[in-house]
Amino acid sequence: MRGAPGHRSRRLAVALVMSAAGSLVAAGPASAGPPASPDDIAFFRAQVEPLLARRCLACHSHATERMESGLALDWKSGWEQGGDRGSAIRPGDPDGSLLVAAVRHADPDLRMPAEPLPAAEVATLVEWVRRGAPDPRVAAPTAGDWWSLRPLERPPLPTNAARANPLDAFLDARLAEAGITPAAEADRRTFIRRVTFDLHGLPPTPEAVEAFVADTGSDAHERLVDALLAAPRLGERFARHWFDCIHFADSHGFEHDVFRPHAWPYRDWVIDAFNADLPWATFVRAQLAADCFFPDDGPVQAALGFLGAGTYDHSAAVTAPRSFENLDRDDLVTQTMGALASTTANCARCHAHKFDPVTQDDYYALQAVFAGIGKGDIEWDADPAVAALRRKWRRIADLAATAPAALLALPEAALVADWEATGQGRAVWHPLALATFTSAFATELTRLDDGSILARGTPPEREVVTLTAAGPLAPITALRLDLLTDDSLPHQGPGRAPNGNLHLSEFDVRVFPAGAAPRAAPLARASADFEQSGWTIAHAIDGDPATAWGIHPEEGSPHHAVFVPAAPIVLAAGDTLTIALRQVHGGAHLIGRFRLSATGGDPDAAVALSAAAAAALAVPAADRTPDQAAALAAAVLGPRARGELARLPAPQKLYAAAATAVNERGTVRIDPPREIHVLHRGDIDQPRAVVGPGALSAVTWLPSRFDLSSGAPESARRAALADWLTAPTHPLTWRSIANRVWQWHFGRGLCDTPDDFGRMGGLPSHPELLDWLACEIRDTGSLKSLHRLICTSRAYRRAAHAPPEALAIDPDARLLGWMPRHRLDAESFHDAVLLTAGRLDDTRGGPAIPHFTQRPGAQLTPILDYDAFDLDSPGAGRRAIYRVVWRGIPDPLFDALDFPDLGLLAPTRGSSSSALQALVLANNRFVLHNARALATRAAAEPGTPADRIAWMVRRAWLRPPSAPEAADLTALADRHGLEAVARALFNADDFLFID
Amino acid sequence: MARTIPRRDLLTTAGGGFGAVALAHLLVREGWAAAPAPDPAWPLGGLHHPARARRVIQLFMNGGASPMDTFDFKPALEKHHGEALGPKEKPEGFTTPAGTVMKSPFPFARHGATGRLVSSVFPCQAREVDRMAFLMAMKTTTNVHGPASYMMNTGFMLPGFPCLGAWVSYGLGRIVDDLPDFVVLPDPRGLPYNQKGNFSPGFLPARHQGTVVDLGRTEPIPDVFAAAPYPFAHGAADHDTLALIQRQNRRHAALRPHDSHLEARIAAGELAARLQLTAPSTFDLATESAATNSAYGLDRPETADFAKRCLIARRLIERGTRFVQVWSGPQGAVNNWDNHGSIPKELPPIALSVDQPIAALLADLAARGLLADTLVVWTTEFGRTPFAQNNQGRDHNGGTFVTWLAGAGVKAGATHGESDDLGYQTATGTTTVHDLQATILHLLGIDHTRLTFRTAGVDRRLTDVHGHVVSEVVG
């Protein structure tokens, strides 16, 4: 491994020093003794080695880079040399060995580990020492010396490769070594059922089966596989595999198991990504940091749903935020490293990983990657053009508010000149003749000579002033509200709050036509000469009485706002215009003196200009100072930007995680990112050193701490992790996905612990093949090419019948001398029942379909009733991938068929059988309802009753019935009808299992 | 002791064939069938050592039952009533900053030969205190319902881990074939916090999941029988169809020898038919005497629901279900033990609803001899603050709370641990949630450090890497 030599030489130096010291202290290093017997070695491997790994190596091994008191117990030399106290073991002499004394807790100064070992484990260690401490671990350990951390290099093909699919070359070599003659090829009927379920999660139609059986072409299998790979059902199948790996579901889980209505765009993105055969590196990068890598590509933003896939403890987020955030980041680290790199990095949260080279620093560096995001809805535009427009106008609106000078450098600055050239900003206002003006709180309102209205007396806490004007009136294209100062007001007003401020909650316009129902006159936009920070004029027309327009700290001078209705307001004789000035914020934040006027001119000319902008407008363009030009640009482009934004289609929402996201708690902002400390024993109350974003230091040739500039956005952290993961030299990423693809086809990975390639995981059955496949994905990026290689291999075509002599050699079929048989997973069963009953609805994408009715629960979690679901409702026939997956309230049908608990990652589906499962399959409404549907269709088929039964069997089992089966089913039909037959067909293992 | 794929064992033990002996072994080991007659040395079974208890009824008070208003008398609360002695900053998981010290509104009196102090909200349980062993200083790791309920049920604060009942099912298998081995009886008013996550098998095989029984339905166990609109799945039609399915599956398996999954499916079909025969009578209370019904409180509206579920729990246990969990209180702001608003108003009605049924259950189990091999556990997810909230309520507090055990293997009358003067934190003899779980497993003949399942690179245990058996309450 690159980087290892330096490490090894440092270790060697340590060993030499300790060796010298040892010879001074004790009677020389412990003798190696006679060679250990095979029995002793077996005893060590079976009992002692796992015990040491479990109890000692966290603090005494190279893998964890911790050798407390200088003692390493991960190889023979380690305990021979011993630590600070000398040799840990005197072979053959338990009572004279420090290690035995330590685990016996006999000496108060030497008690290891802190928590006493069970007596049986102490006895094992004593027995081992008594036997002379046989220990075959003579090679020096290094941190990275483990198969999954070795550099990935494409192994040469075995010599038989010329004539075979490369996969068969590897597999056949091992079968030959083991002396296994593989099973014969499966017949075509079996093959098409197998490969269609595998690639689509659905059975073929009976017609497709017959066509394939009749296809005499030598490349029939290849053509079939290619056709299946090209169909969109492929993505629907493989997306669910991926969702299991990342525990994606449609609700939070935990106490408040709230629905996530915007989780589905991610589901659709994953389906599309698999169908489009998105290169794996792109798939990874988009999910971790689409906002950084592809900021201009709207649809790809949906990939960020990956970050929101897991659970969310709403209650803890509110009442215990520190522990919540720690565990929420932990979940993201677990998900990312487990699903993308098959590494249990999360085991290093409380202490260095006990078995794998993951330090606590590494773990918290991974937490730091996600330290700036929180779960919730983000917004995203499906149409890239809309996304670009939204970005542009948002930026202009931001600049208008915060840095107007920057507007002058934008192309849109030209719009200011256009606006001015067409005479805008110079609307002619006419005072509106008010018929009445009334206060809801009996405030004294006086009309002054200039037509303005002044409030007097003790101000109420809140106020609603209603103004009316009688028709006929000339069409009104804009209304202007002037707020005027007066000596009678605090600080001359124009407000009545002690500081002269006011808060206009809503500016509400209605028309009362003569003899007809009143109607609201919706406002398209509003502008003001000045806006208090956070109290903008937009708040006065947002329909939310909790928000308002304010003028602090610019009290003491007049202000004005302009309101543009969506359509000109026309009042005929007898009509009445009503305007309500709602001022409900409280604290006497009320208008002291105001005047209302109207215009019928071009509404684009009706803009409230800031004092500076108004002054600038009075100066000829050529003579304006840069400040004046900027003020005018802000006054023109700010409202323009808000208008443009309002006209854009509503953005797509997506449940994800981001620096700013919206959830039940409102807008949650984690900006700047949290400072991440190493937590002693994982305890949030014991913070140690600060760590920056990074990854595993065991991959020595990739930078494990990310070099990000101090001004880098939060997304750069995630992007850096994505870059680290997708480096072509990464030892884990490519092996991880290659192994998963293999598992998705054969039911079991080449390494059968798909989320753990560490020392507690399984060893790959065919390491060279796994590396070859990993290189293939790394070099092509294509999952489809891997699917094709696998599905066209001879191994994949084999029958599911184990040759008896092969079964004795390889009972678990690890060598794939025959095809492992599988039970249908929950989704495949559901979808196959629908297809067989003729009720499958192939609609793709869109919001998830609930398979339940719901009513409000005691708190945020609703009560779901799966039994009350209308099985004939629209969408009820859609594929299971489109159903709502409610984490804490699972569908009993799916539950019975081993649909996983998505509280945790679930990379491997169970396949259990039980009496309750048998009863669910027999009696669940979904099965019975579709049994009835199949029977109804069968009843309409021509022919004899026997013909109809044969038709049903061909649909359900994709083969004709045998004579005994036909007789049995016919007898059942005679007594209980075709519905009973359909029920039996769905419950038979012929339907439920795939050969 | 991770369990491995059974097929390998079977083929080894059966010499490559797949005989009846191997199948029986498989069915027992994988929880599909009852164990054979017990070893005389281990009359109650057990996995690692002879069991003291064979079955468990767990009574779960959802929401956080207040210790200082029930079993943990704290005279210091009277002395310091109204004083601001609580933490200045809101601790993690408190819903509001701590209020002033609040004494219990209920009088305490001594009961039983042990002279145990019990408040006036539990007059009936007070008569049974000599049967119980009290863990007076239970501690958990969080003050939030969801994680705390997960902790008490699964040993982890996070979702996705198997619950105690599932671990027991996995470790010990069934006692009988014709009833589910792990049954959950939630409050009919609603599921607890975490919904069904509390009953999840997590990463254990699905057959170890809790069977959620809803006594409000015609068929309390879902899908044992078909719904009314499907007559072709009832009566003789059902019988004949299920029989045909079994015949067909045998034909199918005969063509595919040596497949344990197919054999298991056939075995499951046999058990399903037997479960259909047993289930209805289990839930039929007509055979219970009026005296029994009345003793449990079925005849009083305040207690009827919990009484019914306690009685069903006894019937399940009696017929061979291994683990029954009975919940008091749904999630939410009312009708449970989460008494934020007012201890004097909210605690008495929920306490009343369980008190008589629990006392009757203990007496009934004892009278029938079932207490000799049945463990009863009364617990909750955390305690409550000695500080007032909303005037007379109490906030969440994982610092100290009470659990009691009774029945098989329990040292009746024992007390272990003490909370501090105010009842805010444990003082001596702290029992962690993992300690309680280790103790329950121990009584069932299971070493909690050796009941493991390998998943995602870790040999997972119910007790994570913690837990000590509390020998002080083991009889």
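Only the coordinates and a few stated rules stand behind these numbers; no lab work does. All values reported here derive from a predicted model rather than from experimental measurement. Don't worry about glycine lacking a Cβ; one is built from the backbone with ideal geometry, like all the others, and counts go over all protein chains shown.
Report the net charge of residues surrounding A:Trp951, where surrounding means a beta-carbon distance below 10 angstrom and charges are Lys +1, Arg +1, Asp -1, Glu -1. Within the 10 Å Cβ shell, the charges total +2.
What is the local net charge at A:Asp723, summed over the other residues whose Cβ is closer than 15 Å to its Cβ (Lys, Arg +1; Asp, Glu -1)?
After counting each charged neighbour, the total is +3.
For the pair the range B:267-306 / the range A:478-541, the C-alpha centres are spaced 68 Å from each other.
Counting, for every residue in A:754-762, the Cβ atoms of other protein chains within 10 Å of its Cβ and taking the mean gives 3. If you add up the charges near B:Leu47, with Lys and Arg at +1 and Asp and Glu at -1, over every other residue whose beta carbon is less than 9 angstrom from its beta carbon, what do you get? Taking every Cβ under 9 Å from that of B:Leu47, the sum is 0.
Relative contact order of the range B:198-290: what whole-number percent is it, with Cα pairs under 8 angstrom and at least 6 residues apart?
20
For the protein assembly as shown, what percent of Cα pairs sit more than 60 Å apart? Taking all Cα-Cα pairs of the protein assembly as shown, the fraction more than 60 Å apart is 27 percent.
So what's the gap between the Cα centers of the range B:387-435 and the range A:334-359, to the nearest angstrom? One Cα centre to the other: 35 Å. In straight-distance terms, cross-link reach from A:Lys392 covers every one of the lysines whose alpha-carbon lies under 20 Å from its own, apart from those fewer than eight places away in the same chain; here that gives A:Lys653. Over the C-alpha atoms of the range A:261-410, the Rg to Rh ratio, Rh being the Kirkwood estimate, stands at 1.05. Averaged over the residues of peptide B:220-228, the number of Cβ atoms from other protein chains lying within 10 Å of each residue's Cβ is 6.
Take peptides A:944-957, A:812-825 and line them up by average Cβ neighbours within 10 Å, highest first, as a rough protection proxy.
A:812-825, A:944-957
How far is the Cα center of the range A:377-448 from the Cα center of the range B:142-210, in Å? Between the Cα centres of the range A:377-448 and the range B:142-210 lies a distance of 57 Å.
Under the definition of Cα pairs under 8 Å and six or more residues apart, what whole-number percent is the relative contact order of chain A?
Relative contact order here is 16 percent.
Taken over the Cα atoms of the range A:426-608, the convex hull encloses 108 Å³ per residue. Filter the GluC sites (Glu not before Pro) in the range A:508-603 to those in DSSP coil with at most 12 other Cβ atoms within 10 Å of their Cβ, and list the result. Answer by residue number: there is no such site.
Counting only residues at least eight positions apart within a chain, or on another chain, the lysines with an alpha carbon under 24 Å from that of B:Lys308 are B:Lys196. Take the residue pairs B:Lys74/B:Lys139; B:Lys79/B:Lys103; B:Lys90/B:Lys345; B:Lys103/B:Lys345; B:Lys74/B:Lys103 and return only those whose Cα atoms are more than 19 Å apart. As for pairs spanning more than 19 Å Cα to Cα, those are B:Lys90/B:Lys345.
Once you keep just the Cα pairs under 8 angstrom separated by 6 or more residues, what percentage relative contact order results for the range A:141-265?
14
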